[in-house]
Amino acid sequence: MVDTVVVGAGFAGLYLLHRLRGMGYSAVALESADDVGGTWYWNRYPGARCDIMTVDYSYSWDPDLETEWQWSEKYATQPEILRYLRHVADKHDLRRDIRFSTRVERATWDQPAGCWTIVTSDGNEIRCRYFVMASGCLSVPKAADVDGVDRFRGEVYYTSRWPHQGVDFTGRRVAVIGTGSSGVQSIPLIAGQAAELTVFQRTPNFSRPAKNGPVPEAKLDAYQRDRAAYRASARWTRLGVPVAPIDKGALQVSEQERLANYEAMWESGDLLPPSFPDLVLSEAANETLCEFLRGKIRSIVKDPVTAEALCPKDHYYGTKRPCLDSGYYETFNLPHVRLVDLRATPITSITEDGIETSAATMTFDTIVFATGFDAITGAVVAVDIRGRDGLALAEKWAEGPRNYLGIMSAGFPNLFTITGPGSPSVLSNMAVSIEQHVEWITDCMRHMRERDLTVIEPTATAEDGWVQHVNDFGDLTLYPRAISWYTGANVPGKPRVFLPYVGGVDTYRRVCGEVVSRGYLGFSFDGPAGRRCEDGVICRLQPDVQLMLAMIGRLGLPPMESLDVEGARAMSRSFAAVRPPGPAVGAVVDGVLPGAAGDLGYRLYRPASPGPHPLVVYFHGGGWVLGGADSDDPFCRDLAVRSNAAVISVDYRHAPEARFPAAVDDAFAAVQWIASHAEVLGGRSGRLAVCGWSAGANLAAVVCQLARDAGGPMLSGQLLVAPVTSADFTRRSYADNAEGYVLTRALMQWFWDHYADTAERNDPRAAPLLSRDLSRLPPALVVTCEFDPLRDEGVAYAEALRAAGGDVRHLDCRGQIHTSLMAVDAIMSGASARQEMARALGTFLHAAPVMAAGCQDGRARTGPPSSAA
Ligand code: FAD
Ligand code: NAP
């Protein structure tokens, strides 16, 4: 019995072994290879080297190593990296605890004993408390999925299992299948020896020249000046490499500036140079880089047909792992090298003598498969791992991996995975991510030892929440759209799930730290000290909402309610000045209309399509105190574009200068005027809906009640986004979200205090939820946000409308805050809700308008709806 069994002796296994030993744990590493190195043991093909600069792609945990080991090149070769890992193993005397040529085949959790039984390829059994899969993300070669591989009588090689003695291609006719990083690195060198080289390409990849050589001086300076600081900064970057971020998007800068950045990127020979943040988010932004890179390919490759075939057109840059190369595209200008585009002429079979495509039969002496790996999950599910109650991990993950933090999976106590799915792993400098996992896992073991706990397992709640969060983050980006090994799409039959965590090394490290500081949130522990569990979900906000809040937090602004009214208005205007502008519309027209006590400004947004359009009267948010007809500009634009309706945002008098019911009077007057001037405004008469956000939604709801009672105007629908529907602060959402989500309990109190006297707050024109009659109102969509003090009053309004027989839908926006749905082009996770809102408006406006009951029976009522209070 040992404390820990580690599977693998690559970058991860070696550091883990060293650290466990240092902490006084007994440990054994089991490795199927006959030496250390992992990736760098197996992948010995010509040209194999790292593509993250070696000063970054190396250990940081041994400060002496940093000075005693000098890398010879910017991108070290496979033999040099392997020498380095061997040196580390020897220096720290790690080999004595590694069993080489030993494959782990089975692992079974023994519930009563609280330990794992590991069965290896030599038939031995080892019992251990902790079981760690340091088995690699790219360690299981993808099985050959080309018909007839076994038939070929020539030599067959896999880049991922290259012979140790090397391969001499001199005078040989060689085929290489695959053009990922391994193909791209090896093809120029194979071409240098072979008599003929034919490259079989299914999907062209983006590649840039590595420009290998000495480490760039600036980099070396920064590294040598203060190695510890350099390493520390890498840990808090998005990709695990210190790079100054660019704060503007590719589409926010001039074409000249954009192209200068791309040119610098090309010249840098750096896989991770400073790049525009929207490249991973926006198709249009990414396409500018794709086209730049295609231009480079066309300028290098002389034969235009070959050049075009080498140009990637089916995925966005970065969504398949990009490559760095040394003369890849130039290789296709050599007379003895040709490219076969498998999209045009697929392989039909491998024959005894070569390869047959739909267009030709070719003869080869050697075939090289550079066809990649069963990545990220492959090595984990290759072991028959049985957890509690015999649960098989492969079965649990049959539809895609499920785990917490990418580190542990519910049902599998004391089993850890290093750089597992749901962690930054392959989207980062893996040396940094590996160290972070090793340290987190071993710190966790220490935590348990110090508290007399022996068993740890994530809860189902925590796991579900993490899987959701990983998917939410991925869905914000272009990554999941590509057919790539990131999504498992390269392996036939593998579930298609975006596997890594795209939030970045820094965000992820912060999250892992927060889990610990919150008492190992989401984990249950057991042991002699008893059982304990801090259940919960670590990331509940939508990822982009979380990032926005963090950014606002960094500004260190005073709470709005601590300011005077003018100060609060100025703050609100300053936020509006820096937000994305929203989409272009056909026309924007500013004007005035008569309000209840004087003219009111309006801003009309017309869609680009020919009119007349149905009209939506929009009331801005701002707690009846802030804002104006133009203050929700991006949202109005978005709504107009998505719904193909003209949106007219009207101003109303604000508190405290004009208190309740001034805003209501203006809002109703505006709707009445717009209804009777629809055609003048370019609208379609009789197709009118109302919409509002927050206090504006309060006004929209009240207007619907007033219009019903007044016998008109006829309204087709009401879209209420995060509405204020009462002044009841006792609801749960007020307690849950009192602070931290922009609209606080204190700020809402401040708004009410400015708007209405306490006695007036029960008037249904201030609190539409309190109206005694909620029947015969236009169809409604009520939108609420999970982290909003106003959430529950929105829900209550939807329920009350429904109870009164109304046609009402409620859209609950998971992970959103009060302000986030308004943040068009900034909070992308709100886009689907905005689409849903636009769809609802479309439904309202294309259906017949609701006849107010007063109109139908001719007994129109005027005046305020009666209060239930
Ligand atoms: P590995 O190095 O893969 O080691 C895992 C070990 O576990 C292997 O030796 C394997 O034999 C063993 N193993 C697996 N299953 C079992 C089992 N059941 N029983 C016993 N042993 C088992 N990343 C970067 O960040 N930068 C780069 O430049 C870079 N270049 C790369 C180049 C190539 C050619 C490849 C393939 C990958 C590259 N990577 C790079 C990713 C690379 O895999 C990681 O950086 C890192 O080396 C992974 O270390 P590891 O210890 O986690 O896994
Ligand atoms: P890969 O990126 O998955 O590339 C495999 C290639 O083989 C792809 O072009 C793929 O085409 C093709 N292919 C697979 N099956 C095929 C089939 N049946 N018929 C025809 N073509 C087929 O694998 P890799 O090149 O080994 O690289 C894997 C990862 O390892 C890299 O992305 C990188 O993270 C790491 N790596 C890094 C370096 C480095 O420079 N440091 C070097 C090598 C590897 P499709 O795209 O159409 O599937």
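Exactly one residue out of Asp506, Asp544 is modelled with pLDDT of 95 or more, within 25 Å of Asp812 (Cα to Cα) and in a helix (DSSP H, G or I), and it is Asp544. Answer yes or no as to whether Arg86 is over 25 Å from Ala218 (Cβ atoms) and free of Cβ contacts under 8 Å to residues at least 60 places away in the same chain. Yes, satisfied.
Counting only strands (runs of 3 or more DSSP E) that sit completely within the stretch 644-730, those holding 3 or more residues that are free of Cβ contacts under 8 Å to residues at least 60 places away in the same chain and out of contact with any Ser or Thr (no Cβ under 9 Å at 6 or more places or on another chain) correspond to 646-650.
Does Gly180 meet the test of being farther than 27 Å from Gln436 by Cα and within 10 Å of ligand 1 (Cβ to nearest atom)?
On the way: farther than 27 Å from Gln436 by Cα: yes; within 10 Å of ligand 1 (Cβ to nearest atom): yes.
Yes; evaluated as a whole, the condition is true for this residue.
Listed here are the helices (runs of 4 or more DSSP H) enclosed by the stretch 356-458 that have at least 1 residues being among the polar types (S, T, N, Q): 430-450. Scanning the stretch 28-37 for residues that are away from ligand 2 (no atom under 16 Å from the Cβ) and either assigned to a loop (DSSP other than H, G, I, E, B) or surrounded by fewer than 23 Cβ atoms within 10 Å (Cβ to Cβ) (or both) yields Val28, Glu31, Ser32, Ala33, Asp34, Asp35, Val36.
Yes/no per residue for (1) crowded, with 20+ Cβ neighbours inside 10 Å; (2) not in a helix (DSSP H, G or I):
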| residue | (1), (2) |
| --- | --- |
| Ala229 | no, no |
| Ala234 | yes, no |
| Gly249 | no, yes |
| Gln252 | no, yes |
| Leu259 | no, no |
| Glu267 | no, no |
| Pro273 | no, yes |
| Leu289 | yes, no |
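Show the residue pairs meeting these rules: Cβ distance below 6 Å; 6+ apart or different chains; first residue within the stretch 136-161 and on the phi < 0 side of the Ramachandran plot and of a type in the set (S, T, N, Q); second residue open to solvent by less than 40 Å² (accessible area, probe 1.4 Å) and more than 11 Å from ligand 2 (Cβ to nearest atom). Close Cβ pairs (under 6 Å, with a partner that is open to solvent by less than 40 Å² (accessible area, probe 1.4 Å) and more than 11 Å from ligand 2 (Cβ to nearest atom)) amount to Ser139/Ala379. Within the stretch 100-119, the only residue that satisfies the criterion of being surrounded by fewer than 20 Cβ atoms within 10 Å (Cβ to Cβ), in contact (Cβ under 8 Å) with a residue 40 or more places away in the chain and of a type in the set (Val, Ile, Thr) is Thr108. Screening the stretch 8-27 for residues that are touching a helix residue (DSSP H, G or I) at 6+ places or on another chain (Cβ under 7 Å) and among the small types (Gly, Ala, Ser) and picking the one that is nearest to ligand 2 (Cβ to nearest atom) gives Gly10. Count of the stretch 339-373 residues, restricted to those that are in contact (Cβ under 8 Å) with a residue 40 or more places away in the chain and more than 16 Å from ligand 2 (Cβ to nearest atom), is 5. The set of residues in the stretch 108-163 that are out of contact with any Lys or Arg (no Cβ under 7 Å at 6 or more places or on another chain) and near ligand 1 (Cβ under 10 Å from one of its atoms) comprises Ile118, Met133, Ala134, Ser135, Gly136, Cys137, Leu138, Ser139, Val140, Thr159, Ser160.
Any residue in the stretch 375-394 that is polar (S, T, N, Q), in contact with a helix residue (DSSP H, G or I) (Cβ under 6 Å, 6 or more places away or on another chain) and in contact (Cβ under 8 Å) with a residue 12 or more places away in the chain? Taking every residue of the stretch 375-394 in turn, none turns out to be polar (S, T, N, Q), in contact with a helix residue (DSSP H, G or I) (Cβ under 6 Å, 6 or more places away or on another chain) and in contact (Cβ under 8 Å) with a residue 12 or more places away in the chain. Flag not set for Ala640, criterion: within 20 Å of Gln835 (Cβ to Cβ), part of a loop (DSSP other than H, G, I, E, B), at pLDDT 95 or above and under 37 Å from the mean Cα position of the chain (by Cα). Among the residues of the stretch 180-202, is there at least one that is at positive phi and either among the basic types (Lys, Arg) or open to solvent by less than 40 Å² (accessible area, probe 1.4 Å) (or both)? No, the conditions are met nowhere in the stretch 180-202. Annotation: Tyr329 fulfils all but one of (1) away from ligand 1 (no atom under 16 Å from the Cβ); (2) open to solvent by less than 10 Å² (accessible area, probe 1.4 Å); (3) part of a strand (DSSP E or B); the unmet one is (3).
The values are calculated or read from the model by the stated rules, or taken from the named source; none is laboratory data. Just so you know, these numbers come straight off a predicted model, no measurement behind them. Methodologically, a virtual Cβ is constructed for each residue, glycine included, from the backbone with ideal geometry; neighbour enumeration extends over all protein chains shown. With ligands, DNA and RNA removed, areas are computed over all heavy atoms of the protein, side chains included. Shrake-Rupley method; radii C 1.70, N 1.55, O 1.52, S 1.80 Å.
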